[in-house]
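Okay, so here's the structure we're looking at.
The values are calculated or read from the model by the stated rules, or taken from the named source; none is laboratory data. Keep in mind it's a predicted model, so treat the numbers as computed, not measured. Cβ sites come from the backbone with ideal geometry, for glycine too, and all protein chains shown count toward neighbours.
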Amino acid sequence: MKKRSLYALALTGAMLPMAANAECGEVSVAEMNWTSGGIITGVTEFLLSEGLGCDVTVVPSATTTAITSLAENNEPDIVPELWVNSAPAYFDLAEEGKVVKASDSFSEGGTEHWLVPSYLVEEHPELATIEGILDNPELVGGRFNNCPDGWGCRIVNDSMVEALDLEGNGIEVFNHGSGETMPAAMASAYESEEPYFGYYWGPTAPLGKYDFVSVDLGEYDEDVHACNQDTDCNDVGVSAFPAAGVFNVATADFAEREPEAMALLENITFDNDLMNSLLAWHEENNASNDEAVVYFLQNNQDVWMSWLNEEAQANLEGLF
């Protein structure tokens, strides 16, 4: 485990007020090993320590590591941005009363899309629907940009490619070889204002940097989507993607021990568009996670102030 320095002090040159609330004790917070997870952890740490006076320790982590530690050690106290579809053991721990969902990390959950650039839809509004794309494959370049082999989205996409007969409708399916080439293809097409049609998810930097439209695939159908995820199911069909559950999680012990800190955690939810834009800023500026945290705090005071109680607001008033 590690205890961070007060990076906000170093980066802003501001004098941090002494938090008046001395009742908050030691709190451990996991830091997931991806950018948005690092940003949420940094913001959570700052608000807990400087707003509520908690003694915060940050624990480097990842999905499997975090859920295993919660199961075996009942720690860390807080795990921000836990994608529970990748951590099914979370549901067992929640049923046993060991952990609780404090809040949704993102207002819309994790999102998945089939996308086309906004400039195509502005010129050809019919491309906002899958039916319009099937009727006009040349307008999207006659290609669908698919996930790499081995990804979960590849299984679902392949099922819908079959159900829609994309290739029979004049749309070649291009299976990317890596996660790096997918955003590169999006950027190249968008910056050249060329046709593009493909899959991507959010919150992510490309969705913050470029204006893409989520293609209307119709209503979400739980049974169809479940079949599309199962390589042994033959009744594939077309369904919108469901929102993925992405939670800020706390141990039940922490929730009972630190009610004011738990109340803060229950308020921490990032709007998806805001997180997309933060990730885009992080990438464009080659910034560190800590710098992205400070950027968020400096430019979104109305958002994070609304998460705090009056005492914590007073502690941080006028800092940025």
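Before moving on, here are some points about what is shown:
- Hits in the stretch 79-115 (condition: without any contact (Cβ under 8 Å) to a residue 60 or more places away in the chain and either part of a helix (DSSP H, G or I) or assigned by TED's automatic domain parsing to the domain that holds PRO206 (or both)): SER86, ALA89, PHE91, ASP92, LEU93, ALA94, GLU95
- All positions within the stretch 33-76 that are surrounded by fewer than 23 Cβ atoms within 10 Å (Cβ to Cβ), touching a residue at least 40 places away in the same chain (Cβ under 8 Å) and under 24 Å from GLU96 (Cβ atoms): VAL59, ASN74, GLU75
- Among residues of the stretch 225-268 being modelled with pLDDT of 95 or more and β-branched (Val, Ile, Thr), the one that is farthest from TYR199 (Cα to Cα) is THR251.
- Considering the stretch 263-320, the residues that are among the hydroxyl-bearing types (Ser, Thr, Tyr) and in a loop (DSSP other than H, G, I, E, B) include one that is surrounded by the most Cβ atoms within 10 Å (Cβ to Cβ), namely THR269.
- Within the stretch 260-289, no residue that is outside the structural domain of SER306 (by TED's automatic domain parsing) sits with its Cβ atom under 6 Å from a residue that is part of a loop (DSSP other than H, G, I, E, B) and crowded, with 19+ Cβ neighbours inside 10 Å at 6+ positions apart or across chains.
- Scanning the stretch 236-249 for residues that are farther than 30 Å from HIS282 by Cα and either assigned to a helix (DSSP H, G or I) or of a type in the set (A, V, I, L, M, F, W, C) (or both) yields VAL236, VAL238.
- Extreme residue, farthest from ALA94 (Cα to Cα), among residues of the stretch 61-74 that are in contact with a strand residue (DSSP E or B) (Cβ under 6 Å, 6 or more places away or on another chain) and not in a helix (DSSP H, G or I): SER61
A quick yes/no check of all residues on (1) in the same structural domain as GLU26 (by TED's automatic domain parsing); (2) over 26 Å from GLU122 (Cα atoms); (3) crowded, with 19+ Cβ neighbours inside 10 Å; (4) not aromatic (Phe, Trp, Tyr):
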{"position": "GLU172", "(1), (2), (3), (4)": "no, no, no, yes"}
{"position": "HIS176", "(1), (2), (3), (4)": "no, yes, yes, yes"}
{"position": "GLY198", "(1), (2), (3), (4)": "no, no, yes, yes"}
{"position": "ASP211", "(1), (2), (3), (4)": "no, no, no, yes"}
